[in-house]
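The values are calculated or read from the model by the stated rules, or taken from the named source; none is laboratory data. Here the structure is a predicted model, which is why all the values come from computation and not from measurement. Every residue, glycine as well, gets a Cβ built from its backbone with ideal geometry; the counts of neighbours run over all protein chains shown.
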Amino acid sequence: MTDLHLTADRATDAEAAAIDAAIVECGLEPVIIDETDRLVRGGLHRANNARHGLLPALHALHNVSGWISHGGINYIAQTLGVPPAESFGVASFYEMFRMEDPGHTDDVVHVCVDGACQIAGADGVIVSLEASGTTVHRSPCLGQCERAPAQFVQGNQGRPDFVAADREPTVIPQQGDPTLRLLKRMGVTDPESLDDYVAYGGYSALAKAFSMGAEAVLDEVDSAGLKGRGGAAFPTAFKWRGVRGADGDKKWIVVNADESEPGTFKDRHLMELDPFSIVEAATIAGFATGAQKGFIYVRGEYPLATKRLQNAIDVARERGFLGDGIAGSSIGFELEIRRGAGAYICGEETALFESLEGFRGEPRQKPPFPTTHGLFKQPTAINNPETLVNVLGILNDGSEAYKQLGTPDSTGTRLFCLSGHVANPGLYEGPHGMTLGEAIEMAGGPTGELRAVLLGGAAGSFVGIDQMDLPLSFEGTRAAGASLGSGVVKLFNTETDFQAVVTRIAEFFRNESCGQCVPCRVGVVRQHELIIRTAGRSMNGERSLLDDMDAAMKDASICGLGHTASTAVRSAIDLGLIGA
Amino acid sequence: MQGLQNGASMYAVDPRRTSSAKFADLWLGLELGSDVALANTVANYIVSNDLHNKEFIAHSTTGFDAYVESLSEYTLEHGEALTGVPAAAIAEMATAYATAEKAQILWTLGITEHHNAVDNVLSLCNLALLTGHVGRWGSGLVPLRGQNNVQGGGDMGALPNKLPGFQNITDPEHRGKFEKVYGKEIPAEDGIHLTLMFEAMERGEITAAYVIGENPADSEADIAHARKLLKGLDLLVVQDIFLTRTAELADVVLPASVGWAECDGTVTSSERRVQRVRAAVPPPGLARHDQDILRDLAHLLDYPEWGDPTPEDLWEELRSLSPLHGGMTYDRLEAEGGLQWPCPDLDHPGSPFLHGWLWEPDLGGRAGAPFSPVVAQGPKEQRTEEFPLWMTTGRSLDSYNTGVQSGQMNSPIRYGNALDMNPADAAQLNLVDGETVKVSSPRGSVEMPIRVQPDIPVGLTFTTFHFPELVDINQLTNDAWDKRSGTAEFKAASIRVEKLVTA
Amino acid sequence: MTIAETTTENPDETPIETSVTLTINGSPVTVDQGQTVLDACTSAGIDTPTLCYAENLTPVNACRVCVVEQEGSRTLVPSCSRKAEDGMEIQTDSPRVRHSRKMVLEFLGSGVDMSQAYQVHRWMDEYGADPGRYGPEAARIREDVKVQDDLYIRDYDKCILCYKCVEACGDDAQMTFAISASGRGFDARISTEFDVTLPDSACVYCGNCVGVCPTGAIQFKTEFDMRQADNWKPEEQTVTQTVCSYCGVGCNLELHVQDEKIVKVTSPADHSVTHGHLCIKGRFGWTYVQPTIERR
């Protein structure tokens, strides 16, 4: 709490009410309380402790007014004690927040312009929407590549956000396949029914965990060889042990559900169709690490996932699977959902902490690592939903059974997001080590004559049609100089305008760099300029300039965004997709 | 503020919700002048709830029983009635203070510009003694000095009863030491301070004054009276860097140079840190260094022994005479970023805090520190039907005293002189923000604009004293003063605010 | 706290007895535990370029010009924030280090006016940075100078987004929070809320942002005016350390004097009283020494 200096703008009653409600929903009370006209409670500690209410408050304000109004920012300052310049700095960081009065109260239709949607005619959709007077926002990947071109509608005047396509049931192509582990309940159970979940094996892993004890859970996850499914492939047990062994009486579980790697929609499926599994797995993570509380940070553009998760949390709490004394034990665990607001970088774990804490989503230098200095600078285990859900199978069936599928270094199964020029785009599960060709065949093969596959996402790389035997495992892709990333398998046929696709990838990084460190902030701009400048011609000497930029971004950037920002672009040149 | 970042709590006690108060965990907006009442209530609560430091009290203090007895009437309920601060808040602050591992009480002129200033200070000292929050690292009593060298003035003997280094004029041994070096006899009696000087002028006992670097014709309380007395002097000599309002009354003006930018020397900050100032630019026109003016004056007054010392020569003499400063050479002051007295010898690192002796097993051979029972008295002047509002005065961030220095800066955050008033009071008087009103106290009237401010409680008004050329605010202030400190009650006057009738 | 337990020593400042030894460019260097790799480089006499680092601010390691190579680390590490550890092997002049430093300087030079940045030109020469190779069409900041009062100006065309001003305005010094980074990526700017003018913001004109700005993006109005008039001659200026004439804190001032006139005031970052930070009176309240109206 500081000596606030506010402009004369005042919030409307609706804005104030929405902000108040959002703060209460976070379990907070206003920082500044006028107890009498001569007694005011406030202070830095209260303000610091309540700062994590900022992002929810901004969401509430935006939903009521359609923009981050000056009066609303002032009201947030008066209630949460966040200085207006800081609220402005935070709000302006996010794609979903308009910082200027749009002058109307229409909903905003976000249309994805990345990869799969780009080749599925997103530009045409935008033209026709705009022609009909709709307010359109050109959005980075919306995580709906299986139903490209994707749209997401941001509500205004209190109307909720929604995705029109969510009205149709999501198709799980492998539904009913008895070998499925991660997708087995999808499309089979009612995602809003805990009874259904339990009837299909739900909460048996938690019971096992409680009976085994935390150390045994860690051992089992360790011996299963589980590695993270977000891209970095870090051993989960090592992370959890680090948190369990870290000093500090407060520890946290964070579920990184800010799925925004272009081409990725697996966690969205998990949250929408099997939300209880995430709640159960997060609870096990809490038990294993000694954390009492967790946050699920869900991508802002995922309204259905948010709703289903919230329902799962509420029902689980009601039925004694969250809160104090879970399932009759002495163990307590709580979960709360936070919505992102449109920032790819917030999928980076430390940027996510910053965002959740109410600051700009700028990554932190590591070390120190989240296991000791995570959320609120306290020990934190952060995993994405897919990684967590794997733990259920490991505990239910044992690590030996778990390892029956996959390779020795890449155990278990993997979710693959197939999109682009493929016959049956959608989410597939297959064992680690299956070949790229097999994965594509699962989805019915390519449409048209395949030219290249973007593997791993925008931060991944293009591979050519000679790579159909590439084993989809951590080590297999690494050996080929590629990466599994977040399981993206995006197909492009020979009809593709690769110049446009690669330029868009470069633009994506330009738009999504947080701007904190120089190599990335400027490097992604110079890269984008270079791709535009060399369009339709040979790279010649500019290739070495690109390599120079890439080397500095890889070596000197703070986080993975800068480290990988050139990978896809350079692989496209190497494959002759552009610059030939 | 870094302390707050690192986890410290702050309770702000101030009739106004000041900028500092907005950083506080709790702002307690006590009634003007109810400081002793609050301190005594806090003390009573601490003792009643057995939160006092009994070992420290037994070992290091005297007069505890009488002190406790003096607190008996200051129950939470009575304290709330006297101060306007809810009992629960007083209890909360008392508990936080008493149970903290380290705690400090910081204050400034809100405590000392009252007719019972010394009582106010003693009531706070009592709290520190009660809890042992004094004389050790991180705990203490911290009076914040309002001026860059007011401490240095005291250090150097610019007090009516002290020689440099706080040595007593009336002590023949102390006096003798100086007389030996000066080669002149020093009057053996204490002199008188500023407030008494004005009273002596009134009685005709003082007929000449030599004013150096002070602007009493703007800064004194009940200013009309003070100016009349200055005008009535036979001789007024003013030595200043500006032609101040006081200088305008003078018979002789000696233009001086700017101490910190045009001269070499030392100053002492609030924390008793002696630091070097250095000349960076030459003085303009006829302006001369204070030390040169004084030297020439000494020579003219037939005191050739003064010689022609450099600032460092003068400092070396001071070091030889003042044990507090004995270890502070110019070289050390430069190398160590200043030194805090006492620093008696060249090997002494200086003293970040005083009164560590309270914790020594033998109290350093001294008697314990005495509790000083004090009785709550409100401001000298009370609000009446005729003068129904309180006025208190103070500073704003970008201005300083009577504005002769800060007024030269074109500050973007200066709002000028205005009377801050609660919206409810303004509404009751049918006044709007920025409206010029007539403000009267029992002593005089001025016209000034009001500034409607939610941070000031109902019934209280506030203004700065930085713009005497615009608003002669000390026409209104009360010159009732504390005989022990010599400070007038700038902080509390009763006033009336009237709408100006437009013709 | 009992009599026996109480010492008059500062318990937080007990001498650090543990030291760490690391290897820099093959030679062992020993520093106190808690010191950074940059501290170690400095103590070994190695010149390390820095832009976002200041000794009186928390390192934000954003500019990446101080990166060094650490054995075993996949990427380079920022020396300003990386704590020195026993057994670390550091290279400060390897091809990777030189390349990244060059690129950082080049990137900055290609988008920002670095003409008034302290020491940067020397480093650009040292590392062979060539900002021109991104072509004339390379995006630049392109912002007009903001002159909103008589005390300082903001010229974001010179801003390298080092965050120092934000830190100095916020929790590293002033706790005013009048400015913050806003927006994202290359379009990120240091800004007040909704870009309101400084006088309309929470700014209290302490000028601590000016004091830490490494490129002249926030500048004293006096300096700006003199530069506009082509009369800013730092080589002719003297700097005299003294003490502020206002309140009792005892802030140290550095008076920068050109032609017998004070032209700006800074404060030494290594001074224990306020670590280089001042308030409006200390930083700007000196004008009475040489008022536009003759001092009489």
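One line per residue, one yes/no per condition, for (1) assigned to a loop (DSSP other than H, G, I, E, B); (2) farther than 19 Å from B:Asp472 by Cβ; (3) not charged (D, E, K, R):
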position: B:Thr195; (1), (2), (3): no, yes, yes
position: B:Glu199; (1), (2), (3): no, yes, no
position: B:Gly204; (1), (2), (3): yes, yes, yes
position: B:Val238; (1), (2), (3): no, yes, yes
position: B:Leu243; (1), (2), (3): yes, no, yes
position: B:Ala247; (1), (2), (3): no, no, yes
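Would you say B:Ser406 is within 24 Å of the chain's Cα centre (by Cα), surrounded by fewer than 22 Cβ atoms within 10 Å (Cβ to Cβ) and either closer than 25 Å to B:Thr112 by Cα or within 14 Å of chain C (Cβ to nearest Cβ) (or both)?
no
What are the residue pairs meeting all of these: first residue in region C:108-135, first residue away from every other protein chain (no Cβ under 11 Å) and under 22 Å from C:Asp47 (Cβ atoms), second residue polar (S, T, N, Q) and part of a loop (DSSP other than H, G, I, E, B), Cβ atoms under 6 Å, and 6 or more apart or on different chains?
C:Ala117/C:Thr215
Within region C:246-267, how many residues turn out to be free of Cβ contacts under 8 Å to residues at least 24 places away in the same chain and part of a loop (DSSP other than H, G, I, E, B)?
Qualifying residue count for the region: 4.
Exactly one of (1) within 22 Å of the chain's Cα centre (by Cα); (2) within 20 Å of B:Pro388 (Cα to Cα); (3) within 14 Å of another protein chain (Cβ to nearest Cβ); (4) not acidic (Asp, Glu) is unmet by B:Thr477. Its number?
Exception for B:Thr477: condition (3).
Among the listed residues C:Ala54, C:Ala62, which satisfies the condition of being of a type in the set (A, V, I, L, M), touching a residue at least 12 places away in the same chain (Cβ under 8 Å), within 11 Å of another protein chain (Cβ to nearest Cβ) and crowded, with 20+ Cβ neighbours inside 10 Å?
Result: C:Ala62 is the single residue among C:Ala54, C:Ala62 that is of a type in the set (A, V, I, L, M), touching a residue at least 12 places away in the same chain (Cβ under 8 Å), within 11 Å of another protein chain (Cβ to nearest Cβ) and crowded, with 20+ Cβ neighbours inside 10 Å.
Just to be sure I understand the filter: pairs with C-beta atoms under 9 Å, separated by 6 or more residues or on different chains, first member in region C:268-296 and more than 8 Å from every other protein chain (Cβ to nearest Cβ) and on the phi > 0 side of the Ramachandran plot, second member at pLDDT 90 or above and assigned to a helix (DSSP H, G or I). Which pairs pass?
Taking only residues 6 or more apart or on different chains, the pairs are C:Gly276/C:Ala168; C:Gly276/C:Asn208; C:Gly276/C:Gly211; C:Gly276/C:Val212.
If you scan region B:274-319, which residues turn out to be surrounded by fewer than 16 Cβ atoms within 10 Å (Cβ to Cβ), touching a Ser or Thr at 6+ places or on another chain (Cβ under 9 Å) and either within 14 Å of chain C (Cβ to nearest Cβ) or not acidic (Asp, Glu) (or both)?
B:Pro282
Considering only residues of region C:143-170 that are touching a Ser or Thr at 6+ places or on another chain (Cβ under 9 Å) and under 14 Å from A:Ala85 (Cβ atoms), which is farthest from the other protein chains (Cβ to nearest Cβ)?
C:Glu167
Can you find even one residue in region B:372-384 that is free of Cβ contacts under 8 Å to residues at least 40 places away in the same chain and either in a strand (DSSP E or B) or not assigned by TED's automatic domain parsing to the domain that holds B:Leu129 (or both)?
No, every residue in region B:372-384 fails to be free of Cβ contacts under 8 Å to residues at least 40 places away in the same chain and either in a strand (DSSP E or B) or not assigned by TED's automatic domain parsing to the domain that holds B:Leu129 (or both).
Right, C:Ser94: among the polar types (S, T, N, Q) and out of contact with any strand residue (DSSP E or B) (no Cβ under 6 Å at 6 or more places or on another chain) or not?
no
Answer yes or no as to whether B:Met156 is hydrophobic (A, V, I, L, M, F, W, C) and more than 23 Å from B:Asp25 (Cα to Cα).
Taking the combined requirement at face value, the residue satisfies it.
What are the residues in region C:164-173 that are more than 15 Å from C:Ala117 (Cα to Cα), touching a residue at least 60 places away in the same chain (Cβ under 8 Å) and buried (at least 24 other Cβ atoms within 10 Å of the Cβ), if any?
The one that is more than 15 Å from C:Ala117 (Cα to Cα), touching a residue at least 60 places away in the same chain (Cβ under 8 Å) and buried (at least 24 other Cβ atoms within 10 Å of the Cβ): C:Ala168.
Answer yes or no: is there a residue in region A:516-538 that is within 21 Å of the chain's Cα centre (by Cα) and more than 30 Å from C:Phe107 (Cα to Cα).
Checked against the condition, which is being within 21 Å of the chain's Cα centre (by Cα) and more than 30 Å from C:Phe107 (Cα to Cα), region A:516-538 yields no hits at all.
Which one is surrounded by the fewest Cβ atoms within 10 Å (Cβ to Cβ), of the residues in region A:547-567 that are at the interface with chain C (Cβ under 7 Å from one of its Cβ atoms) and of a type in the set (Asp, Glu)?
Here the residue is A:Asp548.
Among the listed residues B:Ala224, B:Ala261, which satisfies the condition of being within 30 Å of C:Arg283 (Cβ to Cβ), part of a helix (DSSP H, G or I), small (Gly, Ala, Ser) and touching a residue at least 12 places away in the same chain (Cβ under 8 Å)?
B:Ala261
Taking the stated definitions as given, is B:Asn53 touching a His at 6+ places or on another chain (Cβ under 9 Å) and polar (S, T, N, Q)?
yes
Please find, among A:Thr36, A:Thr12, the residue that is more than 26 Å from B:Ser9 (Cα to Cα), away from chain C (no Cβ under 14 Å) and of a type in the set (Ser, Thr, Tyr).
A:Thr12
Does B:Asn474 count as in contact with a helix residue (DSSP H, G or I) (Cβ under 9 Å, 6 or more places away or on another chain), of a type outside the set (Asp, Glu), within 29 Å of B:Gly84 (Cα to Cα) and part of a helix (DSSP H, G or I)?
It is true that B:Asn474 is in contact with a helix residue (DSSP H, G or I) (Cβ under 9 Å, 6 or more places away or on another chain), of a type outside the set (Asp, Glu), within 29 Å of B:Gly84 (Cα to Cα) and part of a helix (DSSP H, G or I).
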